[in-house]
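The values are calculated or read from the model by the stated rules, or taken from the named source; none is laboratory data. What you see is a predicted model; the values in this text were computed from it and never measured. Here the Cβ is made from the backbone with ideal geometry for all residues, glycine too, and neighbour counts use every protein chain on show.
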Amino acid sequence: MTEVVDHDATIADLRRRIAAVNPRGTREAVQLTPAHPQRSARLPPPDATAAPAPTRSGLALPEHLRPAFPRAGLPRGSTVELTGARGPAVSIVAAVTAAGGHVAVVDTPTFGLLAAHEQGADLSHVAVIGNAGNDPIAVLSVLADGMDVIVWTPGATVFTPSIERGLAARLRTKETTLITLGAGLRRPDYRLDAQIIDYHGITEGSGLLSAVDTVLTSSGRNLHPTRTGIRLERVHRTVHASLLPDELRPRPATDIRTGT
């Protein structure tokens, strides 16, 4: 049986939840809707001592993602398309919430909240919207009122140019950054492509995954195409990120999807 979603009730519920979020100028913890609260309560406290500070125009970014935005960081109110591995989105969620910001994860039930916690995320600042219903654009517009970042999986959603322009304008006005997991927007401000190139700690039939190497290609508005090698290493239930050594870094390129 197809679930019927009451559009007006959904929007009203979102507005009530957004109303519970403190103004962005404050940094007090606000309990939203963390996934699996009983599980998260048993996790060790994240190490946020090195949490990056946001700037007036840019979001807080972890050190290993800064080479992808070498000029001014990731601007507030921008739109980002992330294809491939979700690691960069997880790292951004961790950095933004560790710095006191608020994030909504929409239509993405398998998002790595545990991985975000291991990178220092404050899960009490993460709102999870499991089903945006038949009008996700309206849901995103409401969330823009109280969130610093929205992570959304568009799925089969099709944007008309006018709808995309309207959503982009609202995001800019509210200074809320939208990250889509997979293609969705016709003209995002930035495109990121993350491809896993190596695993460490696993041999044939045995071992535990200890580290993952990823190549991140970034391109977009006023941004020279950049390719960065990143290693995420798990140590004692926390994740440490670093840039790949020079000899392992990928060659410079303009677009990982074309190979040119």
Kindly provide the set of residues from segment 198-226 that are of a type outside the set (S, T, N, Q), closer than 25 Å to residue 73 by Cβ and touching a strand residue (DSSP E or B) at 6+ places or on another chain (Cβ under 6 Å), ordered by number.
-> 212, 213, 215, 216, 220, 225
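Residue-wise test of (1) over 24 Å from residue 67 (Cα atoms); (2) surrounded by 14 or more Cβ atoms within 10 Å (Cβ to Cβ).
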site: 108; (1), (2): yes, yes
site: 131; (1), (2): yes, no
site: 163; (1), (2): yes, no
site: 202; (1), (2): yes, no
site: 214; (1), (2): no, yes
site: 218; (1), (2): no, yes
site: 221; (1), (2): no, no
How many residues of segment 62-86 are small (Gly, Ala, Ser) and farther than 25 Å from residue 141 by Cα? The answer is 4
Filtered residues of segment 66-109 (kept if hydrophobic (A, V, I, L, M, F, W, C) and over 12 Å from the mean Cα position of the chain (by Cα)) | 68, 69, 72, 98, 99
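Applying the selection to segment 232-241, what residues are under 18 Å from the mean Cα position of the chain (by Cα) and touching a residue at least 60 places away in the same chain (Cβ under 8 Å)?
Looking only at segment 232-241, we keep the residues that are under 18 Å from the mean Cα position of the chain (by Cα), and these are 232, 239-241.
If the condition is that a residue be under 18 Å from the mean Cα position of the chain (by Cα) and touching a residue at least 60 places away in the same chain (Cβ under 8 Å), then 232, 239, 241 are the ones that fit.
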Test for residue 183: is it surrounded by 13 or more Cβ atoms within 10 Å (Cβ to Cβ) and not in a strand (DSSP E or B) = no
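Which of the following residues is assigned to a helix (DSSP H, G or I) and surrounded by 13 or more Cβ atoms within 10 Å (Cβ to Cβ): 172, 227? Step through it out loud before you land on a result.
Details: 227 fails: assigned to a helix (DSSP H, G or I).
172 is the lone residue from the list that is assigned to a helix (DSSP H, G or I) and surrounded by 13 or more Cβ atoms within 10 Å (Cβ to Cβ).
Yes/no per residue for (1) farther than 20 Å from residue 103 by Cα; (2) among the polar types (S, T, N, Q):
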{"residue": "121", "(1), (2)": "no, no"}
{"residue": "134", "(1), (2)": "yes, yes"}
{"residue": "152", "(1), (2)": "no, no"}
{"residue": "159", "(1), (2)": "yes, no"}
{"residue": "171", "(1), (2)": "no, no"}
{"residue": "190", "(1), (2)": "no, no"}
{"residue": "214", "(1), (2)": "yes, yes"}
Log entry, pairs with first residue in segment 203-227 being touching a residue at least 12 places away in the same chain (Cβ under 8 Å), second being part of a strand (DSSP E or B) and acidic (Asp, Glu), beta carbons closer than 7 Å, six or more apart or on different chains, reads 210/233; 211/233; 213/198; 217/193
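Hey, among the residues in segment 110-129 that are without any contact (Cβ under 8 Å) to a residue 40 or more places away in the chain and within 15 Å of residue 239 (Cβ to Cβ), which one's surrounded by the most Cβ atoms within 10 Å (Cβ to Cβ)? Quick ask: steps written out before the conclusion?
So the first thing to find is which residues in segment 110-129 are without any contact (Cβ under 8 Å) to a residue 40 or more places away in the chain, and the list is 110, 112, 116.
Adding the requirement that they be within 15 Å of residue 239 (Cβ to Cβ) leaves 112, 116.
Working: 112: 18, 116: 27.
Taking the candidates together, the pick is 116.
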Can residue 177 be described as among the β-branched types (Val, Ile, Thr) and at pLDDT 90 or above?
-> yes
